[in-house]
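Heads up, the thing below is written out as structure tokens.
The values are calculated or read from the model by the stated rules, or taken from the named source; none is laboratory data. Since we're looking at a predicted model, the values are computed, not measured. When we count neighbours, we look across all protein chains shown, and the Cβ atoms used for this are built from the backbone with ideal geometry, even at glycine. All accessible areas refer to the heavy atoms of the entire protein, side chains included, with ligands and DNA or RNA removed. Shrake-Rupley method; radii C 1.70, N 1.55, O 1.52, S 1.80 Å.
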Amino acid sequence: LPRLGALPVSAQPVDSVRARLVREYQRFVRDATVEVTPLYRVHVTGAVRNPGLFTVDPTMSVADAVGLAGGVSPQGRTGSVVLMRNGQRVSGSLSQGSRLVELALRSGDELFVPERAWVSRNMGIVVGALSATASIVWAIRR
């Protein structure tokens, strides 16, 4: 921090960090106003465009974190996102009104977007194979 240098604050609540910074800066600035915004690290993996570790603020939601990762890829299932938090698994959808979308993020959260089933990702191949099979059966029976 300018004028103060590095201060260890990781184990302190946000309000006490803010109060400490105001006290420290009052030596240099009259009526100091300080805004403290904690940043959380969230890991987003699976069928997203740019998986990785992202820094989010407390106002961001699960859907926002997936958006930071570039959104769900065409192979991803938006109806089945998994949030791992402290060893607990919470599954849900990215649609509006889902309880998962409304959960506030915490540092250390891991989000996983699974891929859709092979059949749903390759519907053209399935339809083509069924059509070819039906054509062969029709030609043999003829």
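Scanning the stretch 95-112 turns up no residue that is part of a strand (DSSP E or B), surrounded by 15 or more Cβ atoms within 10 Å (Cβ to Cβ) and of a type in the set (Gly, Ala, Ser). Each residue in the stretch 40-56 was checked for being in contact with a Gly (Cβ under 9 Å, 6 or more places away or on another chain) and either open to solvent by 50 Å² or more (accessible area, probe 1.4 Å) or over 22 Å from Arg99 (Cα atoms) (or both), and 6 of them qualify.
Flag not set for Thr59, criterion: free of Cβ contacts under 8 Å to residues at least 60 places away in the same chain, open to solvent by 40 Å² or more (accessible area, probe 1.4 Å), in a strand (DSSP E or B) and of a type outside the set (A, V, I, L, M). There is no residue in the stretch 11-18 that is of a type in the set (S, T, N, Q) and closer than 30 Å to Pro114 by Cβ.
So that you can scan it fast, the table gives a plain yes or no per residue for (1) of a type in the set (Lys, Arg); (2) at pLDDT below 85:
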| site | (1), (2) |
| --- | --- |
| Leu83 | no, no |
| Leu100 | no, yes |
| Arg116 | yes, yes |
| Val119 | no, yes |
| Ile136 | no, yes |
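Put simply, of Thr37, Thr33 the only residue that is modelled with pLDDT under 90 and open to solvent by 100 Å² or more (accessible area, probe 1.4 Å) is Thr33. When the stretch 2-25 is filtered for residues that are within 14 Å of Thr37 (Cα to Cα), open to solvent by 100 Å² or more (accessible area, probe 1.4 Å) and not charged (D, E, K, R), only Ser10 remains. Counting residues in the stretch 130-142 that are buried (at least 16 other Cβ atoms within 10 Å of the Cβ) and either of a type in the set (A, V, I, L, M) or free of Cβ contacts under 8 Å to residues at least 24 places away in the same chain (or both) gives zero.
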